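Asker: Quick one: structure below, then a few questions.
The values are calculated or read from the model by the stated rules, or taken from the named source; none is laboratory data. In this text, all values refer to a predicted model and were calculated from it rather than measured experimentally. Here the Cβ positions follow ideal geometry from the backbone for every residue, glycine too, while neighbour counts run over all protein chains shown.
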Amino acid sequence: MTGAAPLRILGIDPGSQRTGVGIIEADAGGKLRCVFRATLQVAGEETFPLRLKRIYDELGGIIDAHAPAEAAIERVFMARNADSALKLGQARGAAICAVVGRGLPVAEYAPNAVKQAVVGKGHAGKEQVQHMIGILLNLREPVQADAADALAIAITHAHLRASEARTGIAAAAWGRRR
């Protein structure tokens, strides 16, 4: 894989009010570079269906502009209440539809797995994730929390993908080995 073009990976931290988006490039040697990061502020839309449409449309535009080859998204965790869980699931669905509609494969990662991969402990706080994203991507300015989470998801995918390529063991099997 030496000399191969860097792989662009889209990370998505879905939310019904704010959706974090981050795109990284991972080269064959494991070097990571931030290509794009943003937080889609959708809470201001008049209705919830318009929030979902905005997530779908804006993610589609980002994919078209930056041409990632793969995507990774955070799995839904148990929310505090059923209404929040449903809204989060719907926002996640809108994001997945935008990605799959453009022909990209999608990997899913649990929040604790992302924190473990980036910070080294599964129950790390948002500030710890933000700090490590700055270090791992050599960013000089602070990264907004939702965008940092999206970049962390993309980094997790890059790391697990690289480990899978080196070992020949599917990343999905790793969870069963722990």
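Asker: Does Ala98 satisfy being modelled with pLDDT of 95 or more, within 18 Å of Ala38 (Cα to Cα) and in contact with a Phe, Trp or Tyr (Cβ under 8 Å, 6 or more places away or on another chain)?
Answerer: For Ala98, the condition - modelled with pLDDT of 95 or more, within 18 Å of Ala38 (Cα to Cα) and in contact with a Phe, Trp or Tyr (Cβ under 8 Å, 6 or more places away or on another chain) - is met.
Asker: Continuing with this model, one more query. Checking the structure you have, find out if any residue of segment 1-20 is closer than 24 Å to Ala113 by Cα and free of Cβ contacts under 8 Å to residues at least 24 places away in the same chain.
Answerer: So far as segment 1-20 goes, no, none of its residues is closer than 24 Å to Ala113 by Cα and free of Cβ contacts under 8 Å to residues at least 24 places away in the same chain.
Asker: Separate question: If you scan segment 123-135, which residues turn out to be of a type in the set (A, V, I, L, M) and buried (at least 18 other Cβ atoms within 10 Å of the Cβ)?
Answerer: Ala124, Val129, Met132, Ile133, listed by residue number.
Asker: Tally up the residues in segment 1-59 that are in a loop (DSSP other than H, G, I, E, B), on the phi < 0 side of the Ramachandran plot and not hydrophobic (A, V, I, L, M, F, W, C), please.
Answerer: Of the residues in that region, 13 qualify.
Asker: While we're here: What are the pairs, 6+ residues apart or on separate chains, where a residue within segment 100-125 that is touching a residue at least 12 places away in the same chain (Cβ under 8 Å) has its Cβ under 9 Å from a residue that is aromatic (Phe, Trp, Tyr) and surrounded by fewer than 18 Cβ atoms within 10 Å (Cβ to Cβ)?
Answerer: From residues that are touching a residue at least 12 places away in the same chain (Cβ under 8 Å), the pairs are Ala110/Phe77; Pro111/Phe77.
For every residue, the table says whether it meets (1) touching a Pro at 6+ places or on another chain (Cβ under 9 Å); (2) closer than 16 Å to Ala147 by Cα.
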residue: Ile73; (1), (2): yes, yes
residue: Asn81; (1), (2): no, no
residue: Lys87; (1), (2): no, no
residue: Ala91; (1), (2): yes, yes
residue: Val99; (1), (2): yes, no
residue: Ala110; (1), (2): no, no
residue: Lys115; (1), (2): no, yes
residue: Gly120; (1), (2): no, no
residue: Gln128; (1), (2): no, yes
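Asker: Does at least one position in segment 131-145 carry a residue that is under 15 Å from Arg33 (Cα atoms) and touching a Ser or Thr at 6+ places or on another chain (Cβ under 9 Å)?
Answerer: Checking segment 131-145: not a single residue is under 15 Å from Arg33 (Cα atoms) and touching a Ser or Thr at 6+ places or on another chain (Cβ under 9 Å).
Asker: Kindly list, by first and then second residue, each pair from a residue in segment 21-43 that is within 9 Å of Pro6 (Cα to Cα) to a residue that is of a type in the set (Val, Ile, Thr) and surrounded by fewer than 16 Cβ atoms within 10 Å (Cβ to Cβ), limited to pairs with Cβ atoms under 8 Å and residues at least 6 apart or on different chains.
Answerer: Final answer for the pair search is Ala28/Thr2.
Asker: Would you be able to say whether some residue in segment 99-122 is exposed (fewer than 14 other Cβ atoms within 10 Å of the Cβ), out of contact with any helix residue (DSSP H, G or I) (no Cβ under 7 Å at 6 or more places or on another chain) and among the polar types (S, T, N, Q)?
Answerer: The answer is no; no qualifying residue exists.
Asker: I'd like the residue in segment 60-89 that is at pLDDT 95 or above and in a helix (DSSP H, G or I) and, out of all such residues, is nearest to Ala5 (Cα to Cα).
Answerer: His66
Asker: Out of the helices (runs of 4 or more DSSP H) lying entirely within segment 94-178, which hold 1 or more residues that are over 17 Å from Gly11 (Cβ atoms) and not hydrophobic (A, V, I, L, M, F, W, C)?
Answerer: 126-136, 145-167, 171-177
Asker: Something else about it: Just the residues that are basic (Lys, Arg), over 12 Å from the mean Cα position of the chain (by Cα) and more than 19 Å from Ile155 (Cβ to Cβ), please, taken from segment 67-123.
Answerer: Correct list: Arg80, Lys87, Arg102.
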